[in-house]
1. Quick one: count up the residues across the stretch 263-284 that are surrounded by fewer than 14 Cβ atoms within 10 Å (Cβ to Cβ) and assigned to a loop (DSSP other than H, G, I, E, B).
2. Which one is nearest to V263 (Cα to Cα), of the residues in the stretch 209-220 that are assigned to a loop (DSSP other than H, G, I, E, B) and open to solvent by 50 Å² or more (accessible area, probe 1.4 Å)?
3. Answer yes or no as to whether S307 is more than 35 Å from the chain's Cα centre (by Cα) and either open to solvent by less than 70 Å² (accessible area, probe 1.4 Å) or not assigned by the TED database to the domain that holds Y372 (or both).
4. Which one is most open to solvent (accessible area, probe 1.4 Å) among residues in the stretch 160-188 that are small (G, A, S) and closer than 25 Å to N278 by Cβ?
5. Condition first: hydrophobic (A, V, I, L, M, F, W, C) and either open to solvent by 100 Å² or more (accessible area, probe 1.4 Å) or outside the structural domain of M338 (by the TED database) (or both). Now tell me which residues in the stretch 402-428 satisfy that.
6. Looking at the stretch 202-222, I want the residues that are assigned by the TED database to the domain that holds T302 and touching a residue at least 60 places away in the same chain (Cβ under 8 Å) and have a partner that is aromatic (F, W, Y) and in a helix (DSSP H, G or I) with Cβ atoms under 6 Å, at least 6 apart or on another chain. Which pairs are those?
7. In the stretch 135-175, how many residues are more than 22 Å from the chain's Cα centre (by Cα) and not β-branched (V, I, T)?
8. Counting just the residues of the stretch 151-189 that are closer than 16 Å to M245 by Cα and assigned to a loop (DSSP other than H, G, I, E, B), which one comes out modelled with the lowest pLDDT?
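The values are calculated or read from the model by the stated rules, or taken from the named source; none is laboratory data. Quick caveat, the model's predicted, so the values are computed rather than measured. Note that each Cβ is placed from the backbone with ideal geometry, even for glycine, and that neighbours are counted across all protein chains shown. The protein model used for the area step is the full one, side chains on, heavy atoms only, and it has no ligands, DNA or RNA in it. Shrake-Rupley method; radii C 1.70, N 1.55, O 1.52, S 1.80 Å.
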Amino acid sequence: MAATSLAAASHCHRHHILLPARPSPGCFNLRTPNRGRICPAFPSVLCSSSSSASHQPTAGDEEEAEDGEEGHGRRLSKQSSWEATDGQGDDYLYRLGKEADNMNIAVGARSGIVDDLFVGKFLGRDSDIVFDYRQKATRKFEYLQGDYYIAPAFLDKVAVHIVKNFLANNLNIKIPLILGVWGGKGQGKTFQTELIFKAMGVEPVIMSAGELESERAGEPGRLIRDRYRTASQVVQNQGKMSCLMINDLDAGLGRFGHTQMTVNNQIVVGTLMNLADNPNRVSIGQKWRESDITHRIPIIATGNDFSTLYAPLIRDGRMEKFYWQPTREDIINIVHRMYTKDGLSFEEVSSIVDTFPNQALDFYGALRSRTYDQAILQWVNDIGGYEQLGEKLLKRKNREKLPTFIPPKPTLDALIQSGNSLVEEQAFVMNSNLSKEYMKNLDD
């Protein structure tokens with residue numbers, strides 16, 4: 001290769017410009033070097049020649065260059081880092097790219113990352129206009145406004161688990177990474193946990209049981225590792241506490257009767273077990289490297305029956321179990337805060353709880369919702385009946401307001417009446433057993 005071509009290419013490389021493999025005749029003239037000629041492909045960069053450009057190539061130089069190309073391949077220059085190798089003789093830049101943990105494909109099209117020539121200005125500086133919204137994976141629970149009651153036992157358990165995991169390096173004890181909160185349906189496990197997150201300033205990454213299965217093998221396991229690393233980046237980059245929360249874990253991984261165990265179920269179980277054993281070494285596809293250390297992130301999982309899970313996953317060294325059954329005092333305090341705006345006294349709330357014992361917390365929320373039924377029916381009649389619902393609710397003009405809805409004021413008698421109706425429906429569902437009538441040969 002001619003000296004002029006090599007010098008000019010090396011100079012352009014220092015300006016971070018990728019030159020074509022073969023110089024075009026319009027850019028370089030091997031016979032008559034032109035000092036200060038501008039490359040047409042990159043009009044904003046001046047590719048000037050070095051002092052060696054005046055040297056005319058000789059036959060000996062051409063033979064030496066050809067021998068070098070045959071032995072080592074085409075090189076930009078002897079000083080270029082593009083051909084650098086690591087200690088094992090592999091391409092250095094290829095190894096860095098293979099080990100990179102940055103899986104963000106949108107960052108390469110952003111202004112300031114690549115040359116402005118390739119970014120464009122027609123649709124803005126960033127190619128992905130919803131990039132910031134799509135990358136927001138944490139929750140702040142800004143919608144939780146008001147005075148809520150947090151059960152002291154629940155608060156102590158969740159807070160201690162989070163603090164112990166963040167102090168794991170300073171404690172000479174074995175700390176389970178996963179906290180399994182399990183108990184009856186509708187007992188407020190998820191809601192109590194969210195209240196604690198808001199009170200402690202924790203921004204968790206939340207998953208549901210519906211994300212633990214996919215038509216692609218391995219996708220849920222990778223998603224768990226990705227969400228785990230996302231929570232770790234919240235701690236590292238934002239300086240905020242974070243955790244990974246998985247709701248209804250047993251619904252996605254539990255074995256009920258003759259349910260089939262899929263490959264993704266096995267991979268998810270293996271992923272959670274591996275996180276519990278190695279919380280600081282998490283890969284989502286890149287090659288391992290010693291400097292890639294992930295912050296230890298506590299995992300909180302909720303469910304109804306953890307006995308349906310794989311036994312090695314819930315052993316004491318990996319998961320700490322917490323059975324949540326609110327006491328009568330907890331239920332009364334939670335329900336009283338629920339009915340504060342309705343003006344019910346503490347004694348009236350205690351009477352409601354004693355009238356319907358052994359009910360889940362969501363039952364008392366359904367009582368309040370049932371008392372609105374008659375008021376809503378009256379509001380429908382006031383706006384013109386059922387025939388006008390579509391026009392009034394959806395097709396009204398932008399500035400046209402809905403007729404005012406006056407919420408009813410629940411009374412003790414109305415709540416007890418609604419509770420009796422709900423209890424009757426519960427008993428009717430359990431006693432009817434229509435599935436046995438429709439599938440008479442099910443037990444045969």
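1. Matching residues across the stretch 263-284 total 2.
2. Only one residue tops the list, namely A217.
3. Numbers: more than 35 Å from the chain's Cα centre (by Cα): no; either open to solvent by less than 70 Å² (accessible area, probe 1.4 Å) or not assigned by the TED database to the domain that holds Y372 (or both): yes.
So S307 does not fit the description; no.
4. A168
5. Going through the stretch 402-428, the residues hydrophobic (A, V, I, L, M, F, W, C) turn out to be 402, 405-406, 412, 414-416, 422-423, 427-428.
Of everything in the stretch 402-428, those that are hydrophobic (A, V, I, L, M, F, W, C) and either open to solvent by 100 Å² or more (accessible area, probe 1.4 Å) or outside the structural domain of M338 (by the TED database) (or both) turn out to be I406, F428.
6. Qualifying pairs under 6 Å: P204/F197.
7. The qualifying residues number 20.
8. Across the stretch 151-189, the extreme among qualifying residues is G188.
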